[in-house]
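Encoded as structure tokens, the structure appears first; notes follow it.
Rule-based calculations on the coordinates, nothing more; no lab input. Just so you know, these numbers come straight off a predicted model, no measurement behind them. As a convention, Cβ positions derive from the backbone with ideal geometry for all residues, glycine included, and neighbour counts pool all protein chains shown.
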Amino acid sequence: MASRLSHKEDESPLQVDQVDEGYWSAILSEGEYAKTAYEAPPHLDNQEPSGHQEITAHSENLDFDGESIESDWDDIHRIQEQDEVLHLTVVGYNRGGLLVEWQSIRGFVPASQLVHFPANGSPYTRQNALLERVGDELDLRVIELNPEKRRLILSERAAQVEQGKREAILHELQPGDTTTGFITNLCDFGAFVDLGGVEGLIHISELSWGRVGHPADMLTRGEKVKVHVLDVSFEEARIALSLKRLHPDPWETVATRFTINDVVEGRITNVVDFGAFAKIEDGLEGLIHFSELAEGHFLHPRNVVAEGDIVRARVLSIDAKSRRLGLSLRLV
């Protein structure tokens, strides 16, 4: 099911296919989601602290036959439309979250959707926290329903807001709006933001005008952030957000603020085989090619500079359209 994000290609590099499966593969597992949310929990890896027993759920609680009644999917769809809260018992867990059962349907509650769950800590701590929830009764709301894929995803956090509030948020927010929320999850391709019961996604390309290695380099869980609304898909309850669009794009004015032969100050952000990148200002990085690092012979750029170094460099070239800035240390 395509959302209106596909009409925003000229405004943002965020693509609808990135949002669909990428969105849920991250929210389901926080980087640990296996092929199915319903398989028996795998063994913990060998990096666990010594002296701890391996944590597993009771196998009888996970012995599902995989069958579900079609009418049950119709019923849970009506529950989702009416924004009702379900009271379900936790019957198991895996690395990504908790397993519940509603009638003949198996459901999954991602760890990131639990109200009281250690956001940080060792894998052992997180797995132990999940194990301790087996047998608990949770108040849950449906946040994703896909009968074709036999996918039922629920959220304890979404159940904390009053009935109808999530729908109201989706109706009220419009592309171009500015709103605030709290970071709930960080994954390789972006950050999730709780906007009051509805989760929005900041794709990694929308975090900064500059290069971002990982969202965790910029944000932390629980942090309050102001965000720009890129797009709202009411049908899928998904909201595309941006941090960088709260600020002007520095590349649009780079040619008027810098000229060839200017000497600028920057911080080395990344060292690679062919050179080093230096951050001149927020969102603006330049490349110091291997040949422009220093006179003489050296084996690797790391023999000349390291991440974090403050350097003075001469501007060699400016290509705003391609977002490229050539720098030299050798010519300073």
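Here r is the Cβ-Cβ distance between Ala306 and Asp249 and R0 is 30 Å; the resulting FRET efficiency, rounded to 0.05, is 0.55.
Relative protection proxy for 110-116, 260-266, from highest mean packing down: 110-116, 260-266 (other beta-carbon atoms within 10 angstrom). Put in order of Cβ neighbour count within 10 Å, fewest first, the listed residues Lys226, Lys279, Lys244 become Lys226, Lys279, Lys244.
As a rough footprinting exposure proxy, the listed residues Ser291, Ser328, Ser104, Ser233 were ranked by other beta carbons within 10 Å of their own, and the order from fewest upward is Ser291, Ser104, Ser233, Ser328. Of Lys224/Lys279; Lys149/Lys224; Lys149/Lys244; Lys149/Lys226, which pairs sit farther than 29 Å apart, going by alpha carbon to alpha carbon? Table pairs above 29 Å Cα-Cα are Lys149/Lys224; Lys149/Lys244; Lys149/Lys226.
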